[in-house]
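A.B. asks: Following this message is one structure expressed as structure tokens.
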Amino acid sequence: MAKELKQFKVIIEQDEDGYFVASVPALPGCYTQAKMLLGLKKRIREAILLCLKVAEMDPQYRRRLKDLAYEPSFVGLEMVKV
């Protein structure tokens, strides 16, 4: 029987140095960065797999997931001048 794939929402931003930074709100502490988007996608998948493996073995991390994890709903992006 095939294992069911899990899906995670990933937030991607670009920092002031041009690096792309990805974070997974459902997995606190799960983030990575890369110079190119293609590399970022590979790295965030690896980071997610690592966080899931840690969650299996570490009860303290499972508690952090319970306390800090959230699923964002994208509303939009707004530029505000002040």
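Here, each number is a calculation from the coordinates, and none is a lab measurement. Please read all numbers here as calculations on a predicted model, not as lab measurements. In this analysis, Cβ positions are derived from the backbone assuming ideal geometry, glycine residues included, and neighbour counts consider all displayed protein chains.
A.B. asks: Based on what the data block shows, is GLN14 closer than 25 Å to SER73 by Cβ, crowded, with 17+ Cβ neighbours inside 10 Å and free of Cβ contacts under 8 Å to residues at least 40 places away in the same chain?
C.D. replies: Working: closer than 25 Å to SER73 by Cβ: yes; crowded, with 17+ Cβ neighbours inside 10 Å: no; free of Cβ contacts under 8 Å to residues at least 40 places away in the same chain: yes.
In short, no.
A.B. asks: How many residues, within region 31-61, are closer than 18 Å to LEU5 by Cα and within 11 Å of the chain's Cα centre (by Cα)?
C.D. replies: So the answer is 9.
A.B. asks: Would you mention how many residues in region 1-53 are farther than 14 Å from ALA69 by Cβ, in a loop (DSSP other than H, G, I, E, B) and touching a Phe, Trp or Tyr at 6+ places or on another chain (Cβ under 8 Å)?
C.D. replies: 2
A.B. asks: Are there any pairs with C-beta distances below 9 angstrom linking a residue in region 21-43 that is at negative phi to a residue that is acidic (Asp, Glu) and in a strand (DSSP E or B), with the two at least 6 apart or on different chains, and if so which?
C.D. replies: That search, which allows pairs on different chains as well, returns VAL21/GLU13; ALA22/GLU13; SER23/GLU13.
A.B. asks: I'd like the full set of residues that are touching a Cys at 6+ places or on another chain (Cβ under 9 Å) and either among the aromatic types (Phe, Trp, Tyr) or at positive phi (or both), limited to region 44-77.
C.D. replies: Passing the criteria: only TYR61.
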